[in-house]
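Colleague: Please find one structure pasted underneath; my questions will follow.
Nothing in this text is a laboratory measurement; each read-out follows from the coordinates by a stated rule. Everything numeric here is computed off the predicted structure, so don't read it as measured data. Quick reminder, even Gly has a Cβ in these numbers, built from the backbone with ideal geometry, and neighbours come from all protein chains shown.
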Amino acid sequence: MTAFDGVMRRAGGVVLLACLVGSVAAARAAVPVAVSACAPRAIGALHVTDVTVAEASAQGAACVVTGRIRTHGAGVPDGSAGFRLSLPRAWNARFLMLGVGGFAGNTTPSANGRDIAGAAADGYAVGITDTGHADAPGTAFVDGRFALDADGHPDRARLADYDWRATHQATSALKALVARYYGARIDHAYFDGCSNGGRQGMIEAERFPGDYDGIIAGDPFLTLRLMLGDIKVQQANLAAPDGRLRPSDLALIDRFTLSACDALDGRADGLIQNPALCHPDFDRLLCRPGQKSACLAPAQVRTARAFVADTTDRRGGRVYPGFAVGHWGAGLAAAMQFGMQEAGPPAGATWPDHAGPMEYQFDDQALKYLVMRDPSFSLLRYPVGPSGIVPDAALAAYDGAVRDGNADDAGKMAAFLKKGGKIIFYHGYADMAISPYSTIDFFNALQAAAPDATRGARLFMVPGMAHCGGGVGPDRFDTLSPLDRWVATGQAPARIEAAPSVASGHAMPLCAYPAQARAGAGQAWACR
């Protein structure tokens with residue numbers, strides 16, 4: 001979803017998905033094979049159904065192909081999805097499909113950057129699709145206008161393609177193109193995505209369990225209900241005088257939270273490993289009479305509470321979990337929900353279109369075009385409010401509008417696991433776009449729905465990591481090599497070594513949930 005979902009060209013200068021440097025620990029030996037010529041006519045002559053080749057050219061050690069795929073079926077009109085496919089000269093008989101962030105509309109990957117670099121080094125054939133529409137310049141990942149046609153009605157083809165159809169049909173078409181190009185079968189196929197990219201992978205597992213042998217789903221937005229959690233935060237942030245949390249306020253909250261919670265994991269190191277154990281009392285930050293700095297106004301305390309509180313229905317049932325405490329002001333994290341600017345719109349006003357925090361932009365566009373189908377609708381008018389309670393009628397209408405794009409049915413994933421599929425989830429605890437507790441909830445539901453899930457699913461929580469990367473945590477790690485090893489040999493990952501992308505970060509193992517890294521004798525890390 002966010003920046004999405006991972007790729008934030010703005011957010012404190014962090015460019016997450018433009019391919020982080022680095023490679024997997026040990027590249028698989030890839031063997032040169034006899035391949036077709038790298039030219040549009042030659043690739044088109046492979047005659048893959050529904051595929052139209054636009055360009056094909058040698059780029060480095062690979063043939064890079066772009067074009068379009070006709071999408072069809074499911075009782076909705078035909079559509080067209082753009083794609084990009086990299087075909088290495090030395091192929092390792094693996095296919096990797098990458099996810100796209102936010103509302104997609106482009107072929108910029110939202111996936112683990114180490115995996116992207118490692119796949120190129122290891123000889124993977126790598127594909128990606130824009131999911132059936134193109135975003136406008138300057139609106140990458142947050143352009144919801146594709147959802148309505150020129151007459152203001154739902155564009156059924158583009159919605160179906162974004163929700164699920166284009167990813168599946170591009171998977172089938174690109175796998176066929178890869179096999180014909182090399183004249184050999186694909187040994188293993190994997191999907192790798194973060195945020196909306198994580199949702200794409202989970203949709204594949206739930207709807208099309210035969211498409212992939214293994215899936216990596218990072219910080220996935222499993223359900224578009226996530227916006228209901230955001231909206232109450234954005235309303236608190238914008239509607240009341242003095243309610244906005246600015247970067248300096250987030251830094252104050254972080255210092256307070258660290259002082260209360262840093263040592264709860266047994267190691268005072270500036271990193272909150274398990275924020276679920278941390279319950280700071282934000283009232284202690286209220287300004288005293290005459291105090292003008294290093295404190296919060298009552299409306300700001302309400303915004304902080306709204307951020308960590310669950311969104312519920314009127315009976316108290318959880319609609320979407322609140323966010324975790326800790327590390328809110330760390331660059332990418334702050335940019336997602338609250339923005340990097342000290343100044344903002346006047347109280348009671350919204351940000352202009354495609355301005356303000358990335359999560360605000362996503363929520364604003366989703367409400368206007370996917371839910372309310374009214375480009376003039378204001379986020380401040382949606383009936384959630386500071387209580388975080390969604391009225392029954394509003395919740396039913398909301399769910400009806402976005403249901404086909406959800407990937408939160410743990411029972412549907414059972415077929416993928418029963419056939420031997422493997423899935424690695426990961427989520428940053430300092431993610432301020434998608435609650436980390438939503439992924440923990442899903443993982444627990446998956447284990448309950450499919451008792452064999454522990455054999456085919458692993459979750460790795462990442463302390464201090466923001467949305468798909470950034471923050472102060474260990475946000476550089478390889479998930480593709482462990483997944484491939486798991487699929488090929490049956491060796492399930494119990495821990496994944498991770499390093500920070502910032503000098504102030506922490507290197508440590510990520511442990512298979514519910515274990516967490518703990519410092520033992522000599523300060524060595526162990527998972528327990």
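Colleague: Please turn the phi angles of the range 358-363 into ³J(HN,Hα) values with the Karplus equation 6.51 cos²θ - 1.76 cosθ + 1.60 (θ = phi - 60°), one per residue in order, whole Hz, x for glycine and proline.
Modeller: 4, 5, 4, 4, 5, 4
Colleague: Also, quick follow-up: Pop a pseudo-label 7 angstrom from the Cα along the beta-carbon direction at both Ala494 and Asp392 and give the gap in nm to one decimal.
Modeller: Once both label points are built, they end up 5.0 nm from each other.
Colleague: Given the range 69-209, what percent of its DSSP beta bridges are antiparallel, to the nearest 5?
Modeller: Taking every DSSP beta bridge with both residues in the range 69-209, the antiparallel ones total about 55 percent.
Colleague: Restricting to lysine pairs 8 or more places apart or on different chains, what number in the chain have Cα atoms under 28 Å apart?
Modeller: Within the chain, the lysine pair count is 7.
Colleague: Next question. Based on the Kirkwood radius over alpha-carbon pairs, what is the Stokes-Einstein translational diffusion coefficient of the range 32-165 at 20 °C with 1.002 mPa s viscosity, in µm²/s?
Modeller: Value of D from the Cα-based Kirkwood radius: 134 µm²/s.
Colleague: Give the percent of DSSP beta bridges with both residues in the chain that are antiparallel, rounded to the nearest 5.
Modeller: Taking every DSSP beta bridge with both residues in the chain, the antiparallel ones total about 60 percent.
Colleague: Using modelled amide H (1.01 Å from N, peptide plane; none on Pro or chain starts), what sits under 5 Å from the amide H of Met432, excluding residues fewer than 5 places away?
Modeller: The list, which skips near neighbours in sequence, is His467.
Colleague: Also: What do you get for the angle between helix 392-402 and the principal long axis of the chain? Use alpha-carbon atoms, 0 to 90 degrees, nearest ten.
Modeller: Roughly 30 degrees, rounded to the nearest 10.
Colleague: With charges only on Cβ, +1 for K and R and -1 for D and E, what is the dipole size of the chain about its Cα centre, in debye, rounded to 20?
Modeller: For the chain, the charge dipole is close to 680 debye.
Colleague: Something else now. Across 20 Å bins from 0, what is the distribution of all Cα-Cα pair distances for the chain, in whole percents?
Modeller: Cα pair-distance distribution for the chain, in percent: 24, 56, 19, 1.
Colleague: Using all C-alpha to C-alpha distances in the range 234-331, build P(r) with 10 Å bins and read off the rounded percent in each one.
Modeller: Computed distribution, short to long bins: 16, 43, 32, 9, 0.
Colleague: Also, I was wondering about something else. Using each residue's phi in the range 309-326, evaluate 6.51 cos²θ - 1.76 cosθ + 1.60 at θ = phi - 60° and report the 3J(HN,Hα) Karplus result to the nearest Hz, with x for Gly and Pro.
Modeller: 7, 5, 8, 10, 8, 6, 9, x, x, 6, 8, 7, x, x, 8, 7, 7, x
Colleague: Could you work out how far helix 436-449 tilts from the main Cα principal axis of the chain, as a 0 to 90 degree angle to the nearest 10?
Modeller: Long axis of 436-449 versus the principal axis of the chain: about 60 degrees.
Colleague: While we're on this one: What does the range 76-132 give for Rg and for Dmax, in Å, if only its C-alpha atoms count?
Modeller: 12.6, 40
Colleague: Could you list which residues have their amide H under 5 Å from that of Leu148, counting only those 5 or more apart in sequence or on another chain, with H placed in the peptide plane?
Modeller: Amide H neighbours of Leu148: Asp155.
Colleague: Decide, for the range 270-317, between rounded, prolate and oblate: order the square roots of the alpha carbon gyration tensor eigenvalues as a ≥ b ≥ c, take rounded if a/c falls under 1.5, and otherwise choose prolate if a/b is larger than b/c, else oblate.
Modeller: Oblate is the answer for the range 270-317, as a/c is 1.5 or above yet b/c matches or exceeds a/b.
Colleague: Once amide H atoms are placed 1.01 Å from N in the peptide plane, what residues at a sequence separation of 5 or more from Ala111, or on another chain, have their amide H within under 5 Å of its amide H?
Modeller: For Ala111, the qualifying residues are Cys194.
Colleague: Let me ask something additional. How large is the charge dipole for the range 337-450, taken about the Cα centre, if only the Cβ atoms of Lys, Arg (+1) and Asp, Glu (-1) carry charge, to the nearest 20 debye?
Modeller: Rounded to the nearest 20 debye, it is 500 debye.
Colleague: From the square roots a ≥ b ≥ c of the eigenvalues of the alpha-carbon gyration tensor of the range 145-290, which class results: rounded (a/c under 1.5), prolate (a/b over b/c), or oblate?
Modeller: Taking the square roots of the gyration eigenvalues as a ≥ b ≥ c, the range 145-290 is oblate.
Colleague: Note the full-extension length gain between His153 and Ser259 as 0.36 nm times their separation in residues minus their Cα-Cα distance, in nm to one decimal.
Modeller: 33.0 nm
Colleague: Treat the count of other C-beta atoms within 10 Å as a stand-in for reagent exposure and order Trp328, Trp91, Trp351 from fewest to most.
Modeller: In increasing order of surrounding Cβ atoms, one gets Trp351, Trp91, Trp328.
Colleague: Note down the Stokes-Einstein diffusion coefficient of the range 315-441 in µm²/s, whole number, using a Kirkwood radius over alpha carbon pairs, 10 °C, and 1.306 mPa s.
Modeller: The calculation lands on 93 µm²/s.
Colleague: Evaluate the charge dipole of the range 224-324 about its Cα centre and quote only its size in Debye, nearest 20, assuming +1 on the Cβ of each Lys and Arg and -1 on the Cβ of each Asp and Glu.
Modeller: It comes to approximately 360 debye.
Colleague: I've got another one for you. To the nearest 500 deg cm²/dmol, what mean residue ellipticity at 222 nm is calculated for the chain from DSSP H runs of n ≥ 4 alone, each contributing -39,500 (n - 2.57), summed and divided by the residues?
Modeller: -8000 deg cm²/dmol
Colleague: Angle, helix 166-182 long axis vs. longest principal axis of the chain, Cα atoms, 0 to 90°, nearest 10?
Modeller: 40 degrees
Colleague: Let me ask something else. If I take the Cα coordinates of the range 165-225 and project them onto the principal axes, what are the three extents in Å, biggest first?
Modeller: Sorted from largest, the Cα extents of the range 165-225 read 44, 19, 16 Å.
Colleague: If you don't mind, another one. Assuming 0.890 mPa s and 25 °C, estimate D for the range 369-420 with Stokes-Einstein, Rh taken as the Kirkwood radius over Cα pairs, in µm²/s.
Modeller: The Stokes-Einstein estimate is 180 µm²/s.
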